[in-house]
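What follows is calculated from the coordinates using simple rules that are stated; it is not laboratory data. This one's a predicted model, so the numbers in the text were calculated from it and none came from an experiment. All Cβ positions, even for glycine, are placed from backbone atoms using ideal geometry, and neighbour counts span all protein chains on display.
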Amino acid sequence: MPIQFNQSPGSSGGAGESRTGRPGLVAYLTIGDPDLDASYDIALAAIDAGADVLELGVPFSDPLADGPVIQRASERAVARGVSLTDVLAIAARLRAARPDCGLVLFSYLNPVVRFGQGAGFERFCAAAAAAGIDGVLLTDMIVEEADAYLAAMARHSLAPIFLAAPTSPDARLEKIARVSRGFVYVISRVGITGAQAALEGDAEQLVKRLRRYTDLPLAVGFGISSAEQVEQVGRFADAAVVGSALVAIIEASSREIAAEAVGRFIGGLRPVAALARS
Amino acid sequence: MGTAVDTAVLHQEDSSQGTAGGAASTPGRFGAYGGRYVPETLMAALEELEHAYALAQADPTFQARLDDLLKNYAGRPTPLYFAERMSRELGGARIYLKREDLLHTGAHKINNCIGQGLLAERMGKHRIIAETGAGQHGVATATVCALLGMECVIYMGQEDMQRQELNVYRMRLLGAEVRGVSNGQKTLKDAINEAMRDWVTNVRTTHYLLGSVLGAHPYPTMVRDFHRVIGKEARRQMLEQEGRLPSAVVACVGGGSNAIGAFYDFIADENVQLIGVEAGGRGTGLGEHAARMRGGPGGGSPGILQGTYSYVLQDDAGQISLTHSVSAGLDYPSIGPEHAMLNDAGRAEYRSATDDDALKATVALSRTEGIIPALESAHAIAEAMRIAPTMSPRDILLVNLSGRGDKDLGILTRELKLQGA
């Protein structure tokens, strides 16, 4: 099932015809690396090359769930002074330019809490909704701590997206499934973000366990960097998330060619799907 | 003192309930502070640890083994020593030192390491990881791993590896692998990030032996419990030696483990003042100090770092600030959540001592009492030296001397030469 944000929880949202039968693609970018305008261009290129959902990463000084690639990107963006406010501004521009793309704000908790100015999540959620954000994923927010966050998200019709991990017992998966909207982010393996050669068996197992509790689309991420892996994920899940691989391309490219390089890479991630459509 | 912020709103939808106790129903809350803010991958391990700890606490066998090791291996109880000459020279309050520096490995850290080491053994986790700043927690962890026959990996910022070189050698001699961390400012915070990344990756086989009252629940509670013995002993010894309680308990605060251990059994004694001493560093701007509880520009404010909600040094965008202290063990941008609660409730007061104050206190204690304190503990000595002369000879100051200064000889030689001492 494709990822769609404007559907009521539990409904198995209608698919765009053209998307049926191929896995959705979620693309993560650390916004502000190499700079804000470049990130905007790269994001547009990612959407136009076929990303269904963009995760807009808010740079943070202490990205403790991330591997070296995203750590370095985050560090560069923080050094440039890129903040949550800047990321929301990029989101608003993207929303204006590409009304149909899914936009997820991806952040560690502290910048979001700080944005609230000591008054919880209301100000953040209002600003995110105004910027055209569909969903929010907070890396270090667990369901047990999320009451106030979920209430504010609901008031602004934003989709809270939670992580499900291979180590999560069934009781936790049930709670995660109950409060998630939009999609659930399935972590393919224990560990930090970053590319790996082959998918471990963890992911498929986890998707099966999670499926018992939800009809929401399930997006598998962490370590996905090739068309083969995307295709493999497509056999048991709804979407694949590509993150560090994109951020590494941006790191290795000059500012001028980064958008084109990312677009080409994303285009190449679904040769099988492209063939099927032609 | 930090600024009063309506902190309950982070967790509690109804913000009218004020700060303390707003969300006390969730486990691991200290008023509005504490909690669990971690990647989902770690949640199962935290729940397992919480469960194992609860079982161990109720198990007389576990407690007996812990008590035995604390006594016969670590050297508890530690003395409560009347610093007569220093008290006389300062004039004013009678200064007592709780001698945690005399424990095996040279600091209070071993209390917690023995406790968590035994717990890891119970959980069947034979690979231990830990972070270290000054190296005292790393040495204590490596020591316990040697004792229990466990694999040990210590993460340490490269800046700290240089300034606490002796402790790096000690850890390696004890059989631990010391991994240098070159991210960020290469100090304690960065070592914790790297240890967390290791834990997320190896969580099924590894116990993270966190060294302070920081991180996600159950760490702040569990680490406090393992250090409660400090205050428990000191309170009893004080009553034995003086027949009354102290006017104030003074302790340095990095993450705050020695301070909470010293404070905890005095919290109910309302007439005993509790004073935590943070690193005032070399200035008041962000990046110049580690005084999280200091309000106003350049001071701390509530935020989330490395799993817990507490006072944090950060900029307007929520990026964590750099910090500075001459002492690696206090050089950290957040503070244990229970301290945040004690601060807001007005039960404990948090002050700071500068690098210079600490260096002078180190020399003073060395030369009046023949005791070389760790630079961390010297911050508490500095505050005691400042307030003792303002107090009456009937007052008693209990200072927790959390560690000894051998590890700091390199820094001391360099810094004191600069100062012409």
- Query: Say the dipole of chain B comes from +1 at the beta carbon of Lys and Arg and -1 at that of Asp and Glu; which of B:102, B:396, B:318 then lies farthest toward its positive end?
  - Reply: B:102
- Message: Explain nothing, just compute: Karplus ³J(HN,Hα) = 6.51 cos²θ - 1.76 cosθ + 1.60, θ = phi - 60°, for every residue of region B:27-36 in order, whole Hz, x for Gly and Pro.
- Response: x, x, 9, 10, x, 7, 8, x, x, 9
- Proximal charge balance of residue B:223 [Cβ under 14 Å; K/R count +1, D/E count -1]: -1
- The FRET efficiency for residue A:227 and residue B:315, from their Cβ-Cβ distance with R0 = 45 Å and rounded to 0.05, is 0.65
- Query: Per residue, what volume in Å³ does the convex hull of the Cα atoms of chain A enclose?
  - Reply: 114
- When the dipole is taken about the Cα centre of chain B, and only Lys, Arg (+1) and Asp, Glu (-1) are charged at their Cβ, what size is it in debye, to the nearest 20? 960
- Note on the structure: Between residue B:162 and residue B:126, the FRET efficiency computed from the C-beta separation at R0 = 30 Å comes out, to the nearest 0.05, as 0.45
- Message: I want to check the label-to-label distance for residue B:418 and residue B:61. Put each point 7 Å from Cα in the C-beta direction and report it in nm to one decimal.
- Response: 5.4
- Cys residues of chain B with no disulfide-compatible partner (no other Cys Cβ under 4.7 Å) are B:113, B:252
- Which residues in region B:86-123 have a backbone N closer than 20 Å to a point placed 7 Å from the Cα of residue B:236 along the Cα-to-Cβ line? B:96-104, B:108-115
- Task: Count the lysine pairs in chain B whose Cα atoms lie under 27 Å apart, taking only pairs 8 or more positions apart in sequence or on different chains.
- Result: 24
- Alpha carbon centroid spacing (whole Å) that separates region B:99-115 from region B:260-301: 22
- Item | Amide H partners (placed H, <5 Å) of residue B:350, local residues excluded | B:276
- Note on the structure: Note on region B:151-298, DSSP bridge orientation, antiparallel percent to nearest 5 equals 10
- Item | Approximate spin-label separation residue A:97-residue B:390, in nm, with each point projected 7 Å along Cα-to-Cβ | 5.9
- Query: With point charges of +1 on the Cβ of Lys and Arg and -1 on the Cβ of Asp and Glu, referenced to the Cα centre of region B:58-113, which listed residue (B:80, B:70, B:111) lies farthest in the positive direction of the dipole?
  - Reply: B:80
- Query: Taking other Cβ within 10 Å of each residue's Cβ, how do A:83, B:325 sort, fewest first?
  - Reply: A:83, B:325
- Message: To the nearest 20 Debye, how big is the dipole of the protein assembly as shown about its Cα centre, given +1 on the beta carbon of each Lys and Arg and -1 on that of each Asp and Glu?
- Response: 780
- FRET efficiency, residue B:270 to residue B:82 (Cβ-Cβ, R0 22 Å, nearest 0.05): 0.35
- Query: Where both partners of a DSSP beta bridge lie in the protein assembly as shown, what percent of those bridges are antiparallel, to the nearest 5?
  - Reply: 20
- Diffusion constant of the protein assembly as shown at 37 °C, which comes from Stokes-Einstein with the Kirkwood Cα-pair radius and 0.692 mPa s, µm²/s: 126
- Item | Rounded Å value of the spacing that divides the Cα centres of region A:162-221 and region B:27-85 | 32
- Item | Cα centroid separation, region B:366-396 to region A:42-109 (Å) | 51
- Message: Using the crude model of +1 on Lys and Arg Cβ and -1 on Asp and Glu Cβ, and no other charge, please compute the dipole size for region B:59-138 relative to its Cα centre, in debye to 20.
- Response: 40
- Query: Projected onto the charge dipole of the protein assembly as shown (+1 at Lys/Arg Cβ, -1 at Asp/Glu Cβ, origin at the Cα centre), which of B:55, A:234, A:63 gives the Cα projection farthest towards the positive end?
  - Reply: B:55
- Can you tell me the Rg and Dmax of region B:189-264, counting just the alpha carbons, in angstroms? 16.2, 53
